[in-house]
Amino acid sequence: MKQLTELHAMVSKAVDELTFPAYPTDLYEPISYILSLGGKRLRPALLLMACDLFGGDVEKAIEPALAIEVFHNFTLMHDDIMDKAPLRRGKITVHEKWNANVAILSGDAMMVEANKFMMKVDDAILRRVMDVFNETATGVCEGQQIDMSFEQRNNVQIDEYVDMIRLKTAVLLGGTLKIGSIIGGATVGDAQLLYDFGVNLGIAFQLQDDILDVYGDPEKFGKQVGGDILSNKKTYLLIKALELAKDSQATELEKWLNLEEFTASDKVAAVTAIYDSLNIRNYAEDAMQTYAEMAFNALDQINLSEDRRQYLRQFADNLLVREY
């Protein structure tokens, strides 16, 4: 078994060696630019890991791994336009550096490039792999649309929210693992179990992210704590608080959600106090644990040796044990 760090290095080398046509410059230069911004590149490394777990040749999985990385960055490029985000990984976003039209068209070209990379798998598994990839890509688009629709709604339910993060975030993790396992020679049943492991792990990870945004240590979390509160983002915590708050608590929460002028620290402190009084953190942590257990239940059924299952278990533990 190769270590994840080794697989990550293989991915980084392959990304760094990517070249695109020089003309038209405004179509291809933004692609090279966004890929050069780095990031964790976790998903393509996981595709290689899944292939390796089932005894496959990881060299045959590098181009599909590139497909996942290019696709992921395509979604980020378009998300940044929708979010009007000025920065991505500390650097100016594509639509700010060029313009929105360039970013849209370059993103479209990235989706085509991702398909071309994914098409390089062996013909014997091509249809299975492309079915998973296309279903995953559609899911991510559905999740993004549902997330945007939540901004206009005041009655979002917990099950709707979980379904949104499943589509927007978790299916890409599950689909990546499933594609890698297919390339590695996994059975249909084992590939599906690994998918279920990835999806449930992805949901647990996003729920943890919601918790960390309110209760994390900014030094360890790596970003501003309370950002979701300041933007009224409908996370698990806010939706649960809106569901449970009664009388004066409900009035106070609505006041902060509707207030247009406020001091950031005051709003974060006030909303966090409401969460604390309603025990929201415990509800969120219980939900996170439920999905983590579902992931581990799927993992336990995969036909792998115990040491290989333990490798995945350790990866999941590392992903879900970020410090508060």
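The values are calculated or read from the model by the stated rules, or taken from the named source; none is laboratory data. Note that the structure is a prediction, hence the values are computed from the model and not measured. Every residue, glycine among them, receives a Cβ derived from its backbone with ideal geometry; neighbour counts consider all protein chains shown. Note: areas computed on protein heavy atoms with side chains; ligands, DNA, RNA excluded. Shrake-Rupley method; radii C 1.70, N 1.55, O 1.52, S 1.80 Å.
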Note the angle between two axes, namely the Cα long axis of helix 306-320 and the longest principal axis of the Cα atoms of the chain, as a number of degrees from 0 to 90, rounded to the nearest 10. 40 degrees
Just the accessible area for S36, please: 1.4 Å probe, Å², rounded to the nearest 10? 80 Å²
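Rolling a 1.4 Å sphere over the protein heavy atoms, what is the accessible area per residue of the chain, to the nearest Å²?
48 Å²
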Let's test this: bin the Cα-Cα distances of the chain at 10 Å from zero up to the farthest pair and state each bin's percent. 6, 24, 32, 24, 11, 2, 0
With a 1.4 Å probe and all protein chains kept in place, how much accessible area does Y291 have, in Å² rounded to the nearest 10? 50 Å²
Taking the Cα centroid of the range 8-60 and of the range 281-324, what is the distance between the two, rounded to the nearest whole Å? 26 Å
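Taking a quarter of the surface of the convex hull around the Cα atoms of the range 214-324, what do you get in nm²?
Details: hull surface 32.7 nm².
Projected over every direction and averaged, the Cα hull of the range 214-324 covers 8.2 nm².
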The range 192-280 - percent of accessible surface contributed by carbon and sulfur, probe 1.4 Å: 48 percent
Only Lys, Arg (+1) and Asp, Glu (-1) charged, at Cβ; the chain dipole about Cα centre in debye: 460 debye
Estimated inter-spin distance, M148 and K13, nm [label 7 Å along Cα→Cβ]: 4.0 nm
Take the solvent-accessible surface of the protein heavy atoms, probe 1.4 Å, and return the percent of it on the range 281-324 that carbon and sulfur atoms account for. 43 percent
Helix 25-36: inclination vs the chain longest Cα principal axis, degrees, rounded to 10, gives 80 degrees
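If I take every Cα pair under 8 Å that is 6 or more residues apart in the range 1-133, average their sequence separation and divide by the length, what percent do I get for the relative contact order?
Reported relative contact order: 27 percent.
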Rounded to 10°, Cα long-axis angle of helix 247-258 versus longest principal axis of the chain: 60 degrees
Over the range 110-177, with every protein chain in place, what whole percent of the accessible area is carbon and sulfur at 1.4 Å, could you tell me? 50 percent
Can you compute 3J(HN,Hα) from phi for each residue in the range 82-95, using the Karplus curve 6.51 cos²θ - 1.76 cosθ + 1.60 with θ = phi - 60°, rounded to whole Hz and x for Gly and Pro? 5, 7, 6, 6, x, 10, 9, 6, x, 10, 4, 6, 4, 5
With at most 12 other Cβ atoms within 10 Å, longest stretch of the chain clear of loop GluC sites (Glu not before Pro) (DSSP): 18-150
